[in-house]
């Protein structure tokens with residue numbers, strides 16, 4: 001697995017699992033007597049499986065997986081450490097919640113602890129959303145990432161994906177509950193908000209770079225400074241690992257694919273379900289099938305969205321090697337290698 005994709009699966013799948021838990025605990029607090037154990041168990045199991053899937057995929061990003069535990073040592077300064085801590089804490093809390101829920105009839109203490117453990121899980125989930133997004137938003141020299149849209153998008157992706165799966169299970173197991181209609185409206189609203197924020201993000205990223213000059217590169221504007229060497233004229237680690245050759249036409253088509261898969265089509269399905277539920281009933285099998293299709297489409301779209309997020313990041317070192325993706329940015333520092341330069 002490519003290291004980039006391991007991060008995509010980690011942030012998307014783990015975030016969706018945490019979105020499931022947040023909505024489940026919210027439903028438990030308001031409808032605890034009306035939700036069946038089967039509904040709670042199914043949500044918790046899906047949540048745990050998604051945490052495992054994200055955690056396992058993140059291993060492929062590590063140079064030395066056996067030293068992964070060292071990532072938590074810098075929690076005071078590192079968002080990476082906070083991401084690892086909140087992910088581990090959340091996964092442990094979900095297991096604890098599942099244990100207490102299963103044995104709640106054994107002791108009244110177990111049942112009384114459930115709401116507090118659930119709230120701790122929500123706090124850990126929100127901490128993961130913040131930590132995983134700030135890990136990129138804090139990189140100030142990659143302007144596509146270093147903005148307020150990054151943590152908002154990460155959080156909304158998890159909440160929308162988790163709400164979609166929870167709604168799918170709720171409409172299958174408890175179609176008679178009024179909460180089905182409420183969650184349907186909530187899901188439509190969250191998806192619309194996520195769509196608007198994503199469109200604003202794409203628009204914002206179109207105009208974040210200004211013409212570059214020596215002052216931008218060196219911090220001082222001296223007419224006597226000139227570039228003498230372009231660097232190596234052949235492909236190597238720095239020219240391949242920090243640069244993805246995505247043309248403008250390809251980027252636009254991928255943005256359109258994200259909008260349709262992650263937001264547009266699922267939103268259409270949930271609006272249809274809401275309209276149909278008002279005038280006539282649908283069998284639970286049809287509703288479940290439509291929800292499965294919408295959820296599958298959304299998850300695929302969110303994976304494409306997160307992958308495009310990483311690809312869009314323009315690393316400043318690409319200015320030096322001449323493969324900065326924003327062709328509209330005029331860079332007076334760039335020049336071709338001198339004629340006759342040997343290729344190693």
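The values are calculated or read from the model by the stated rules, or taken from the named source; none is laboratory data. This structure is a prediction, so every number in the text was calculated from the model and none was measured. Cβ placement follows ideal geometry from the backbone for every residue including glycine, while neighbour counts extend to all protein chains displayed.
Give region 180-196 a look and list any residue that's within 19 Å of residue 24 (Cβ to Cβ), in contact (Cβ under 8 Å) with a residue 12 or more places away in the chain and surrounded by fewer than 16 Cβ atoms within 10 Å (Cβ to Cβ), or say none.
Of everything in region 180-196, those that are within 19 Å of residue 24 (Cβ to Cβ), in contact (Cβ under 8 Å) with a residue 12 or more places away in the chain and surrounded by fewer than 16 Cβ atoms within 10 Å (Cβ to Cβ) turn out to be 181, 185.
Among the listed residues 20, 25, which satisfies the condition of being in contact (Cβ under 8 Å) with a residue 40 or more places away in the chain, crowded, with 18+ Cβ neighbours inside 10 Å and closer than 22 Å to residue 105 by Cβ?
Of 20, 25, the one residue that is in contact (Cβ under 8 Å) with a residue 40 or more places away in the chain, crowded, with 18+ Cβ neighbours inside 10 Å and closer than 22 Å to residue 105 by Cβ is 25.
Exactly one condition in (1) surrounded by fewer than 19 Cβ atoms within 10 Å (Cβ to Cβ); (2) under 26 Å from the mean Cα position of the chain (by Cα); (3) modelled with pLDDT under 95; (4) outside any loop (DSSP other than H, G, I, E, B) is not met by residue 216; state its number.
The failed condition is (2).
So which of 244, 209, 202 is at pLDDT 85 or above and surrounded by 12 or more Cβ atoms within 10 Å (Cβ to Cβ)?
Residue meeting the stated conditions: 202.
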